[in-house]
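Let me begin by presenting the structure, written as structure tokens, before commenting on it.
The values are calculated or read from the model by the stated rules, or taken from the named source; none is laboratory data. None of the values given here were measured: they were computed from a predicted structure. Cβ: placed from backbone, ideal geometry, glycine included. Neighbour counts: every protein chain shown. Only protein heavy atoms, including side chains, enter the accessible area calculation; ligands, DNA and RNA are left aside. Shrake-Rupley method; radii C 1.70, N 1.55, O 1.52, S 1.80 Å.
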Amino acid sequence: MGWLSGRDQEPSKLSVEQLVQTAVEHCLDGSRTWDPKAVDLGGFLRGVIRSLTSSEKKKAVRSKTDAKPELDRYFAPVDSPEDDAMEEESRQELLVLIEGCTTDDQDLRDLYLAILDGNTKREDIAATLGWSADRVTAARIKLQRRLLKRAPDRFGEARERRRRIS
């Protein structure tokens, strides 16, 4: 851990003390449980702290990522009726593509309909559908894989960006 000796920045906005306290709180509130048969207490706490550190690093990367230029590319003001028509055609093609990927799988269909209803956060989708957050994640990944397989030219670029961020 280079940040202990001052070689790198701290792993997150949380101080080392806050990370330890948060890890202990997670253990006490039951969100993380220790199995003494599987690992010793020290190893378990290090794992919880490592998980928190990883989550905080991901949050920091996400907060530095500016989505506005990407959104502007898709939702920039349209100057001409021709551009407007082309944009609408592109949206319709995307909807047809997504619908094609969801027709044979009820979970994917439910996910798609929940997103169309305006639910974009995993927790909101889970609450709307009565699913666990892990089920939402699994359905999203499955849909992303299907979209990538059917239209690699359209979705491959986004996949590469996610890989570079990770």
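The set of residues in the stretch 16-30 that are of a type in the set (A, V, I, L, M) and open to solvent by 40 Å² or more (accessible area, probe 1.4 Å) comprises VAL16, VAL20, VAL24, LEU28. GLY6 meets the conditions (1) at pLDDT 65 or above; (2) not in a helix (DSSP H, G or I) in every case but one. The failed one is (1).
All of LYS13, LYS64, LYS59 fail the test of being modelled with pLDDT under 80, more than 24 Å from ARG154 (Cα to Cα), in contact with a Ser or Thr (Cβ under 8 Å, 6 or more places away or on another chain) and open to solvent by 90 Å² or more (accessible area, probe 1.4 Å), apart from LYS59. Among the conditions (1) part of a helix (DSSP H, G or I); (2) of a type in the set (D, E, K, R); (3) modelled with pLDDT under 80, ASP79 misses just one, which is (1).
Of the residues making up the stretch 120-154, those that are open to solvent by 70 Å² or more (accessible area, probe 1.4 Å) and not in a helix (DSSP H, G or I) are THR120, LYS121.
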